[in-house]
1. Order of 81-87, 51-57 by packing, highest average Cβ count within 10 Å first?
2. Could you check the spin-label model distance between VAL102 and SER148? Points 7 Å from the Cα along Cα→Cβ, value in nm.
3. Could you please state, rounded to a whole Å, how far the C-alpha centre of the stretch 43-87 is from the C-alpha centre of the stretch 97-157?
4. Treat each spin label as a single point 7 Å out from the Cα along the C-beta direction, and report the LYS139 to MET82 distance in nm.
5. With r defined as the distance between the Cβ atoms of LYS120 and GLU54 and R0 fixed at 25 Å, what FRET efficiency is calculated, to the nearest 0.05?
6. Simple spin-label model, 7 Å along Cα-to-Cβ: GLN89 to ASP25 in nm?
7. P(r) for the stretch 2-155: what percent of alpha-carbon pairs falls in each 5 Å bin, starting at zero?
Amino acid sequence: MLKKLLITFNVLVIYSFSIIELRADLLNPSNSIKPKEVVEIQLNGLMNNDNEFEDSGIEQTWNFAHPSNKKNTGPFPNFKKMIKGRSYQMLLNHINHTITEVGSSDKWAQFEVIILDREKIYHKFNWQVEKYTDDGPLKDCWLTTMVSSPIPLGSSI
């Protein structure tokens, strides 16, 4: 019995390390990542949502969410439901996106994001990032504080 438990434990440990290893492929905030790059990282993740593992793009997006944004949308399972819900599902596995800066300062930047979804419909979002100013590992990192509701722009056909 003890031998069976040890084998089961070892299998679980190995499985856990393989999951951790996969998730290590996701990018994490760094003060060297510029505001537009944060938006690009998030959109590329959502465009390729399940490429690394199931919902890796949603998790990548979560990694760059500002702590105040996480309070409003989290915990992570709630955030995942929100992204998969009617309001934001068009971001998942979208075909293409463009990012245009519409304003910025040394503490915030706002972008107009236009995506082409799988149904070939364009949607516009306002996407805002802010520089995190509190001490700690996120200090001086650019993080998403707000993504507007989508505005449908019509079909590409």
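1. On the way: 81-87: 13.0, 51-57: 16.3.
Put in order of decreasing packing, that is 51-57, 81-87.
2. A separation of 0.4 nm, rounded to one decimal place.
3. 14
4. In this crude label model, LYS139 to MET82 measures out at 2.8 nm.
5. Numbers: r = 25 Å, r/R0 = 1.00.
After rounding to 0.05, the efficiency reads 0.50.
6. Here the modelled spin labels are 2.6 nm apart.
7. 2, 9, 16, 20, 18, 13, 8, 5, 3, 3, 2, 1, 0
Bear in mind that the values in this text are calculations on the coordinates, not laboratory data. Small disclaimer: the values here were computed from a predicted structure and weren't measured. Note that we place each Cβ from the backbone using ideal geometry, even for glycine, and neighbour counts take in every protein chain shown.
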